[in-house]
Amino acid sequence: MSSLKNIMIKAKNGDSEAIEEIIEKFKPLIIKKSIIYGHFDEDCYQECVLSVIKSIKKFEVF
């Protein structure tokens with residue numbers, strides 16, 4: 001398994017498998033933030049995933 005830094009570099013370069021791996025790593029947090037008033041909100045989940053994808057491009061890896 002690769003480090004998050006290596007995965008992030010691959011994702012920033014457009015590697016779709018790396019993007020999927022990042023989403024999987026953060027899936028528990030995304031699900032947690034998608035539960036509103038005790039119910040899972042699919043639209044919120046999708047928006048969170050899109051936000052993660054958009055953030056990958058903006059994230060600076062050192």
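Quote the relative contact order of the chain in percent (integer), defining contacts as alpha-carbon pairs under 8 Å separated by 6+ residues. Can you show the working numbers first?
Working: 35 pairs, mean separation 20.4, N = 62.
Normalised by residue count, the contact order of the chain is 33 percent.
Between (1) 0.95; (2) 1.19; (3) 1.44, which entry matches Cα Rg over 2.2 N^0.38 Å as derived from the coordinates of this structure?
Structure-derived value, by its label: (2).
Between Glu20 and Lys33, what length in nm is gained on full extension when 0.36 nm per residue of separation is reduced by their alpha carbon distance? Mind showing how you got there, number by number?
Working: separation 13, 0.36 × 13 = 4.68 nm, distance 1.84 nm.
Full extension from Glu20 to Lys33 adds 2.8 nm.
In nm, what is the difference between 0.36 nm times the number of residues separating Ser55 and Ser3 and their Cα-Cα distance?
Separation in residues times 0.36 nm, less the Cα-Cα distance, equals 16.9 nm.
Per-residue accessible area for Leu50 at 1.4 Å probe radius, Å² rounded to 10?
Result for Leu50: roughly 80 Å² accessible.
If you place +1 on the Cβ of every Lys and Arg and -1 on the Cβ of every Asp and Glu, how big does the dipole about the Cα centre of the chain come out, in debye to the nearest 20? Each step should come with its number before you reach the end.
Working: 10 positive and 10 negative charges, 70 e Å.
It comes to approximately 340 debye.
The values are calculated or read from the model by the stated rules, or taken from the named source; none is laboratory data. Source: prediction; values computed, not measured. Neighbour counts run over all protein chains shown; Cβ positions are idealised from the backbone, glycine included. The accessibility values were calculated without ligands, DNA or RNA, using every heavy atom of the protein model including side chains. Shrake-Rupley method; radii C 1.70, N 1.55, O 1.52, S 1.80 Å.
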